[in-house]
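The values are calculated or read from the model by the stated rules, or taken from the named source; none is laboratory data. The shown structure was predicted, so the numbers you read here are calculated from the model rather than taken from an experiment. Backbone-built Cβ (ideal geometry, glycine too); neighbour counts: all protein chains shown.
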Amino acid sequence: MLGALALVLLAAAPAWGSQEGGPASLSQQARGPLSVVTTSTDLKALVEEVGSDRVAVESLAPALHEPHAVEVKPGQLRRLKEAQLLVRIGLDHEPWLARVLRSVNDPRFGPGSPHYLDTSKAIELLQAETPRVRADRGVHVHGFGNPHYWLDPVNARLVTGAIADALSRLAPGNREVFAANRARFLERLDASVKRWTEAMAPYRGTRAVVVHESWPYFARRFGLIIVAAVEPTPGVPPSPASLAALTAKMRETGVKLLIAEPSSSAALVNQVATRSGARSVTLIPSVGGDPEAGDYLALFDVNVKRLTRALAEAR
Amino acid sequence: MLEFLWVPFLACLVLTGIHVYLGLHVLARGVIFVDLALAQVAALGIAVAFLAGHPIQSEAAYWYALAFTLAGAGLFALSRTRRAPVPQEAIIGIVYAVSAAAAVLVVDRSPQGSEHIKQLLVGSILTVTPAEVWTLALLYGAIGALHWAIRKPVLEISFNPDAAARRALGWWDFVFYASFGLVVTSSVRIAGVLLVFSYLIVPATVGALLTRSIVGRLAVGWALGLGVSLGGLVGSYALDLPTGATIVVTFGTFLAVVALALAARALVGSVRARGVSSLRGLGVAVSALVGLTGLLLAAFPRADHHWLDWLESSAPSIQRVFLTAGERPVSRQSREALARGAAELERLRAMQQEVQWGTRQMSQEQEERLRQFLASRGEIVAGDRMVLRTLRDKARERQRWWLGLPLAAAGGAGAFLLTRRRRAT
């Protein structure tokens, strides 16, 4: 217990002295890796790409979760208190984080602090119409724009940029290491994006129906057109009338692809697929959501592989 | 419509058949939440199977679930025969909470597991397949036949527990809970917890309200289950609502109607027997309600007053009276502009949908223009809404004094006089 307390004090001490990244952060290097907490496994993967062995990263939420049902464990709270940097997706993607931050009650983890990074600030958002206008179209979840921006691999360029800046501010001695790591990652990323784009090229302009609205960034990158969502409000099952209208429309306009996620109801996906004649494919929305999707690039490898296979069969 | 609803309807019929009968027992025994507890115990079994390395949909997982359910059934049968100092409902609640929490702990280690376990408890009646309905019908047919064969001891335990206790019918009790657990776990998988609970409890409750004989309750329950299933499914289609939730709310509405009708009948009976004075309690309640709404309007004019909104929308003059001569034309114009704007917005959105689905061709530039036009139209409509809201708030400031205070005074005076009269008599 005393040991844990001492750890907390030790971890917090340099933070008080280093608001501007002063000499206190230099002592950080001597004490080993910079401890970083992220809200998602995707951000964890990206921080690890930039930080390599100079960072120790933990994600608060597991790969597949319901945003309203994340339960943080006591050990995670302690590690968040000890952490040098909190990286989050932002927008309204982490409704659970507000309570966690309130219980940790650390002024370092707020906008403007060098210990707090909201990566959405770097991104050009989709579906970010003004809330007032969208309010009369019924309930909708993403009031500030769709938060699934990590599913466009090119956005990883901006996100890792922000991460490298934040890490370098906290550990200036490692600035070169972070920059070199990021450059190597971007090289691999660019080569992969080229490969994925080529694989998807024959299917540009394909229309698809999604179960949840998680894929607008992915779709825009690879030239898919998402025409509708089966469950526009997550957790509220669609009504029979809307399901009938949707499947009829899919048959009529020849939409052959249905994009599901591991958390989608299998019965619902089967029913839409059978009635519309579309082929369903389960894509992984986050790193670690499938044993094959172990890191950020592998996530897209898996998704592009599954998608091209389904598209080839659907033709 | 039929292609989507006939399989769910058959599923509802199968559910009605067995659940209404079991519901009679559950209600008579006062173990209302036993179905939730057993379903949760089965889910815990599947979580343990998952931990042991079996996929959730596998046969092994099914046997795990069955074994856990039987253990739960044994526990409930035991906790009944012993004359324990705590009610059985306490044990059921504890089993529910602990097995739900244990399942969370068991699947905590695997990110893929928890979502799937959750799905075991949130089945959806809309997406049930014909094969599932067949399996259920066969299984429930067999269980129904078993219950017909053992009806004597099981009915005795439920409806005449003291006599049953003298004859040591503990084993029959176990058979009851075991078959009940099997039914509930199978039903919850396809229909979800809420729907299963409603099919179990609501028809039995209505039956108990209307008649005393077991056969009569069964007949009332089956008729109700059939009617509500049909009404709920059609309502869900016609009103574009989620199916399971609609059926559950239809059950609740029906129960409320029956309760109101019974209350009205009792009231009429007492008016006949004791004259108008027996309406006094009702009068006090209504006066108090009127007084309270008036008081709320006077105290918080800007809060939501749905009754007033509803009155104003069905008779707009109620609001017009409270607007000044200058505000009235503004209100009228905004209303017209809003109707026009909303229609236009709907048309444009339909057009955008067509472009997305590919049934209408449009150049990139046209598409962008459409998007911007939609955005600006949306702002204008939102603006009109805001004007109407401001006018409504102004009217409310005046209604506060001219409507809220008189209502409060009238309601208060009515309630006061009625209670005083009662004391005097």
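Given the criterion among the polar types (S, T, N, Q) and closer than 25 Å to B:Glu3 by Cβ, identify the matching residue among A:Asn303, A:Asn270.
A:Asn270
Here is a yes/no grid of residues against (1) among the small types (Gly, Ala, Ser); (2) at pLDDT 90 or above; (3) at negative phi:
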residue: B:Phe50; (1), (2), (3): no, no, yes
residue: B:Ala60; (1), (2), (3): yes, no, yes
residue: B:Ala71; (1), (2), (3): yes, yes, yes
residue: B:Leu78; (1), (2), (3): no, no, yes
residue: B:Pro87; (1), (2), (3): no, no, yes
residue: B:Val98; (1), (2), (3): no, yes, yes
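This table checks each residue for (1) under 18 Å from A:Ser40 (Cβ atoms); (2) at pLDDT below 90; (3) among the hydroxyl-bearing types (Ser, Thr, Tyr).
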{"residue": "A:His93", "(1), (2), (3)": "yes, yes, no"}
{"residue": "A:Ala98", "(1), (2), (3)": "yes, yes, no"}
{"residue": "A:Gly112", "(1), (2), (3)": "no, yes, no"}
{"residue": "A:Glu124", "(1), (2), (3)": "no, yes, no"}
{"residue": "A:Thr130", "(1), (2), (3)": "no, yes, yes"}
{"residue": "A:Ala135", "(1), (2), (3)": "no, yes, no"}
{"residue": "A:Phe144", "(1), (2), (3)": "yes, yes, no"}
{"residue": "A:Ala162", "(1), (2), (3)": "yes, no, no"}
{"residue": "A:Asp165", "(1), (2), (3)": "no, no, no"}
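Suppose we filter A:Pro262, A:Pro216 for residues that are under 19 Å from the mean Cα position of the chain (by Cα) and within 10 Å of chain B (Cβ to nearest Cβ); which single one remains?
Testing whether each residue is under 19 Å from the mean Cα position of the chain (by Cα) and within 10 Å of chain B (Cβ to nearest Cβ) leaves just A:Pro262.
Look at A:Ser242 and say whether it is of a type in the set (S, T, N, Q) and not in a helix (DSSP H, G or I).
No, not satisfied.
Quickly run through segment B:322-357 and pick out the residues that are in a loop (DSSP other than H, G, I, E, B) and exposed (fewer than 14 other Cβ atoms within 10 Å of the Cβ).
Once the filter is applied, which keeps residues that are in a loop (DSSP other than H, G, I, E, B) and exposed (fewer than 14 other Cβ atoms within 10 Å of the Cβ), segment B:322-357 yields B:Thr324, B:Ala325, B:Gly326.
Do you know which residues across segment B:215-248 are of a type in the set (A, V, I, L, M, F, W, C) and surrounded by fewer than 17 Cβ atoms within 10 Å (Cβ to Cβ)?
Within segment B:215-248, B:Val215, B:Ala219, B:Ala223, B:Leu230, B:Val234, B:Ala238, B:Leu239 qualify.
Yes/no matrix, rows are residues, columns are (1) over 17 Å from B:Thr16 (Cβ atoms); (2) more than 14 Å from the chain's Cα centre (by Cα):
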residue: B:Ala223; (1), (2): no, yes
residue: B:Ser229; (1), (2): no, no
residue: B:Gly232; (1), (2): no, no
residue: B:Ser236; (1), (2): no, no
residue: B:Leu239; (1), (2): yes, yes
residue: B:Ala245; (1), (2): yes, no
residue: B:Ala256; (1), (2): yes, no
residue: B:Val268; (1), (2): yes, yes
residue: B:Val271; (1), (2): yes, yes
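Out of everything in segment A:280-299 that is under 23 Å from A:Val230 (Cα atoms) and hydrophobic (A, V, I, L, M, F, W, C), what residue ends up being farthest from the chain's Cα centre (by Cα)?
A:Val281
The rows are residues; the columns are (1) surrounded by 19 or more Cβ atoms within 10 Å (Cβ to Cβ); (2) out of contact with any Leu (no Cβ under 8 Å at 6 or more places or on another chain).
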position	(1), (2)
B:Leu255	yes, yes
B:Val258	no, no
B:Val286	no, yes
B:Leu308	yes, no
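Output the residue which, of all residues in segment A:235-263 that are within 26 Å of B:Thr246 (Cβ to Cβ) and in contact with an Asp or Glu (Cβ under 8 Å, 6 or more places away or on another chain), is modelled with the lowest pLDDT.
A:Gly235
Does A:Leu86 qualify as being crowded, with 19+ Cβ neighbours inside 10 Å, assigned to a loop (DSSP other than H, G, I, E, B) and among the aliphatic types (A, V, I, L, M)?
Spelling it out, it is not the case that A:Leu86 is crowded, with 19+ Cβ neighbours inside 10 Å, assigned to a loop (DSSP other than H, G, I, E, B) and among the aliphatic types (A, V, I, L, M).
Restricting to segment A:245-290, count the residues that are farther than 20 Å from B:Arg189 by Cβ and either of a type in the set (D, E, K, R) or in a loop (DSSP other than H, G, I, E, B) (or both).
Number satisfying all stated conditions: 19.
Looking only at residues in segment B:322-361 that are within 14 Å of chain A (Cβ to nearest Cβ) and in contact with an Asp or Glu (Cβ under 7 Å, 6 or more places away or on another chain), which one is modelled with the lowest pLDDT?
B:Arg360
Hey, does segment A:269-287 have a residue that's in contact with a Pro (Cβ under 8 Å, 6 or more places away or on another chain), farther than 21 Å from A:Gly205 by Cα and at the interface with chain B (Cβ under 8 Å from one of its Cβ atoms)?
There is no residue in segment A:269-287 that is in contact with a Pro (Cβ under 8 Å, 6 or more places away or on another chain), farther than 21 Å from A:Gly205 by Cα and at the interface with chain B (Cβ under 8 Å from one of its Cβ atoms).
What tally of residues in segment B:230-279 results from selecting those that are more than 14 Å from every other protein chain (Cβ to nearest Cβ), free of Cβ contacts under 8 Å to residues at least 12 places away in the same chain and within 30 Å of A:Pro240 (Cα to Cα)?
Qualifying residue count for the region: 3.
Would you point out the residue of segment B:1-27, among those that are aliphatic (A, V, I, L, M), in a helix (DSSP H, G or I) and within 14 Å of chain A (Cβ to nearest Cβ), that is nearest to B:Leu233 (Cα to Cα)?
B:Leu5
So, of the residues in segment A:236-259 that are under 12 Å from A:His212 (Cα atoms) and facing another protein chain (nearest Cβ under 8 Å), which turns out to be surrounded by the fewest Cβ atoms within 10 Å (Cβ to Cβ)?
A:Val236
Condition first: at pLDDT below 90, crowded, with 24+ Cβ neighbours inside 10 Å, at negative phi and away from chain A (no Cβ under 14 Å). Can you find one or more residues in segment B:197-214 that meet it?
Within segment B:197-214, none of the residues are at pLDDT below 90, crowded, with 24+ Cβ neighbours inside 10 Å, at negative phi and away from chain A (no Cβ under 14 Å).
Within segment A:270-290, restricting attention to residues that are hydrophobic (A, V, I, L, M, F, W, C) and buried (at least 21 other Cβ atoms within 10 Å of the Cβ), which residue is farthest from A:Thr233 (Cα to Cα)?
The selected residue is A:Val287.
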